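Asker: Mind looking over this structure? Questions follow.
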Amino acid sequence: QSALTQSASVSGSPGQSITISCTGTSSDVGSYNLVSWYQQHPGKAPKLMIYEVSQRPSGVSDRFSGSKSGNTASLTISGLQAEDEADYYCCSYADGDTVVFGGGTKLTVL
Amino acid sequence: QLQLQESGPGLVKPSETLSLSCTVSGGSISSSGYYWGWIRQPPGKGLEWIGSIFDRGGTHFNPSLKSRVTISVDTSTNQLSLNLSSVTAADTAVYYCARRFPLGYCRGGACPSFDTWGQGTLVTVSS
């Protein structure tokens, strides 16, 4: 079971859109629509932003959206705001009834 | 409102057993369809799923930790417990307990969506 692959960092200016990718394999992301995304601010617990690839929990801004193509899932944040600056982690169900996280992407709002 | 609070020793010696509790308030730990997880995060690093316990005491563990992990639920105290044996410095991390997102689908008892988290507790493994 290997961690999902995420780029280490991404940046954008306020108002812009950014996309964070999460690459897995046919044993996890590629075979199941069970990908979640979490936002984590420094010193805080993670917050669920997206579940089942593209679903938003109640209370999460519609500026956050998720998608998947093949073995890669993506999180897009539109209309970037200063408070979006955080670490973002993808998470997927994986073969063998396990759960695997990505290594995390640090988002900087310029 | 459901709240989770981790507790336990902040320092554990190498080769010993790390034992943590997670107290659930604002709801029953054993309500129908329950599903709880433990996730950890080494300092400055990413999240790692440790394992989960679900309705009727079923469990799933990270294969890399499976031989050393025990997770249980105590309904009398409304607490979730984690035991990790034979710890090394690599087990130094912030440990979180979390509840499965009720609307999230699970497969085979493994759920990747957690909506309620504790604040986390730092455990350092050092002599």
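The values are calculated or read from the model by the stated rules, or taken from the named source; none is laboratory data. Quantities reported herein were computed from a predicted structural model and do not represent experimental measurements. Backbone-built Cβ (ideal geometry, glycine too); neighbour counts: all protein chains shown. Please note that ligands, DNA and RNA were not included when accessible areas were found on the heavy atoms of the full protein model with its side chains. Shrake-Rupley method; radii C 1.70, N 1.55, O 1.52, S 1.80 Å.
Asker: Using the Karplus curve 6.51 cos²θ - 1.76 cosθ + 1.60 with θ = phi - 60°, what ³J(HN,Hα) values do you get for each residue of the range A:35-47, in whole Hz, with x for Gly and Pro?
Answerer: Residue by residue, the range A:35-47 yields 10, 10, 10, 10, 10, 9, 7, x, x, 10, 6, x, 10 Hz.
Asker: To the nearest whole number, what is the average tally of beta carbon atoms from other chains within 10 Å of the beta carbons of peptide A:47-53?
Answerer: Details: counts 3, 9, 0, 1, 9, 6, 0.
So the per-residue partner count for this stretch is 4.
Asker: Next question. How well do other chains shield peptide A:33-44, expressed as the mean number of their Cβ atoms within 10 Å of each residue Cβ?
Answerer: Counting other chains' Cβ atoms within 10 Å and averaging over A:33-44 gives 3.
Asker: Now for a different question. Any idea of the accessible area per residue across the range B:59-126, 1.4 Å probe, to the nearest Å²?
Answerer: 42
Asker: Then there is this: Checking the table A:K106/B:K66; A:K44/A:K106; B:K13/B:K66 against a 25 Å threshold on Cα-Cα, which pairs fail?
Answerer: Details: A:K106/B:K66 30 Å; A:K44/A:K106 14 Å; B:K13/B:K66 20 Å.
Beyond 25 Å between Cα atoms: A:K106/B:K66.
Asker: Would you mind giving the mean number of other chain beta-carbons within 10 Å of the Cβ of each residue in A:99-110, as a whole number?
Answerer: Details: counts 16, 6, 7, 2, 3, 4, 1, 0, 0, 0, 0, 0.
Across the residues of A:99-110, the mean count of other-chain Cβ atoms within 10 Å is 3.
Asker: Have a look at A:I50, A:I77, A:I18 and tell me which one the Gaussian network model of chain A (Cα, springs below 10 Å) gives the largest fluctuation.
Answerer: A:I18
Asker: Also, I was wondering about something else. Within chain A, what whole-number % of the accessible surface is contributed by carbon and sulfur, with the 1.4 Å probe and all protein chains included in the calculation?
Answerer: Numbers: 1980 of 4580 Å².
Reported share for carbon and sulfur atoms: 43 percent.
Asker: With a cap of 15 neighbouring Cβ atoms within 10 Å, and only residues DSSP puts in a loop, list the trypsin sites (Lys or Arg not before Pro) found in the range B:45-105. Before the final figure, lay out each step's value.
Answerer: Details: sites: B:K45, B:R56, B:K66, B:R68, B:R99, B:R100; in loops: B:K45.
Qualifying residues, ordered by number: B:K45.
Asker: Provide the buried accessible surface between chains B and A in square angstrom, both chains summed, 1.4 Å probe, rounded to the nearest 100.
Answerer: Adding both sides of the contact gives about 2000 Å².
Asker: Give the aspartates and glutamates reachable from A:K68 as a straight Cα distance under 16 Å; neighbours fewer than 8 places away on the same chain don't count.
Answerer: A:D28, A:E52
Asker: Separation of the range A:70-106 and the range B:1-31 by C-alpha centroid, Å?
Answerer: One Cα centre to the other: 26 Å.
Asker: How large is ³J(HN,Hα), in whole Hz, for each residue of the range B:80-88 in order, when computed from phi with the Karplus curve 6.51 cos²θ - 1.76 cosθ + 1.60 and θ = phi - 60°, using x for Gly and Pro?
Answerer: 9, 10, 10, 10, 10, 8, 6, 6, 10
Asker: Considering chain A as a Gaussian network with a 10 Å cut-off on Cα pairs, which listed residue, A:S13, A:S58, A:S69, attains the greatest mean-square fluctuation?
Answerer: A:S58
Asker: Here's something else I'd like to know. Taking the radius of gyration and the Kirkwood hydrodynamic radius from Cα positions alone, what is the Rg/Rh ratio for chain B, to two decimal places?
Answerer: 0.95
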